[in-house]
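One structure is given below, encoded as structure tokens.
Where a number appears in this text, it was derived from the coordinates with a stated rule and is not lab data. The structure presented is a predicted model; accordingly, all values stated were derived computationally and were not measured. No Cβ is skipped: glycine too gets one built from the backbone with ideal geometry, and neighbour counts run over all protein chains shown.
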Ligand SMILES: *C/C=C(C)/C=C/C=C(C)/C=C/C1=C(C)CCCC1(C)C
């Protein structure tokens, strides 16, 4: 009965991964709310609010994709890839992901930027680059011509490389003023972003939007695993850090200098 209902909703086999994604995001959100319950320090509260919003937004997006909303068909022609060839020249595209990412990726960068003690200007620059990456990625996904799709994918990927470079250069520099504990958390989160984010454009290229080596079922599973790791995994590491849950708030560089005097 369950699969039949999913088919009625226009969601085939991959609906199982969208359902699992919804549940895991909700669990992450509830756990983060529980962890943050009763936190009064305004600086710490900010981390909790941002980190709760991330899986919250993703859960809403996953639920809408599960119900078949946020799914569209892009006519790319049968010659584009084997997936399009089997579907009469069209690709099924979950554009709702991009709406989710447009809000959640800046929030992830805000979280790590605040932890690093980066300036508002640097956080703003990174968020701008990030939004450009997601919007051009959506462009790549919705274009009909293969050349345009790969051109936009390339522009988006170059933005991502610049973004990661900026994260490693500028944010790491800001984080070098932190105490050992906060610095350790920063390094783990930064490396987690490097590894997980890099896999997104690769999955796009091998998935249905690109070469079609991997079908929609596997692609949906892998995007779900990446999303859960990059959001819930990230949140767990951040909110388990002693610099967030401990007695000391995350020291800003100026506070540390004052303490050293
Ligand atoms: C929670 C969601 C996250 C962390 C999503 C991250 C998404 C990306 C880093 C996507 C990158 C893409 C490109 C660099 C090229 C074009 C295709 C995209 C949008 C998948």
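Only one of the numbered conditions (1) loosely packed, with under 15 Cβ neighbours inside 10 Å; (2) closer than 22 Å to residue 205 by Cβ; (3) touching a residue at least 40 places away in the same chain (Cβ under 8 Å); (4) in contact with a helix residue (DSSP H, G or I) (Cβ under 8 Å, 6 or more places away or on another chain) is not met by residue 149, and that is (1). Does residue 209 meet the test of being within 13 Å of the ligand (Cβ to nearest atom), touching a helix residue (DSSP H, G or I) at 6+ places or on another chain (Cβ under 7 Å) and not in a helix (DSSP H, G or I)? Answer is yes for this residue.
Here is a yes/no grid of residues against (1) over 21 Å from residue 110 (Cα atoms); (2) within 16 Å of the ligand (Cβ to nearest atom); (3) in contact with a strand residue (DSSP E or B) (Cβ under 9 Å, 6 or more places away or on another chain):
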site	(1), (2), (3)
135	no, yes, no
144	yes, no, yes
147	yes, yes, no
154	yes, yes, no
160	no, yes, no
163	no, yes, no
174	no, no, no
182	no, no, no
186	no, no, no
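Within region 212-226, the set of residues being touching a helix residue (DSSP H, G or I) at 6+ places or on another chain (Cβ under 6 Å) and in contact (Cβ under 8 Å) with a residue 24 or more places away in the chain comprises 212, 220, 221, 224, 226.
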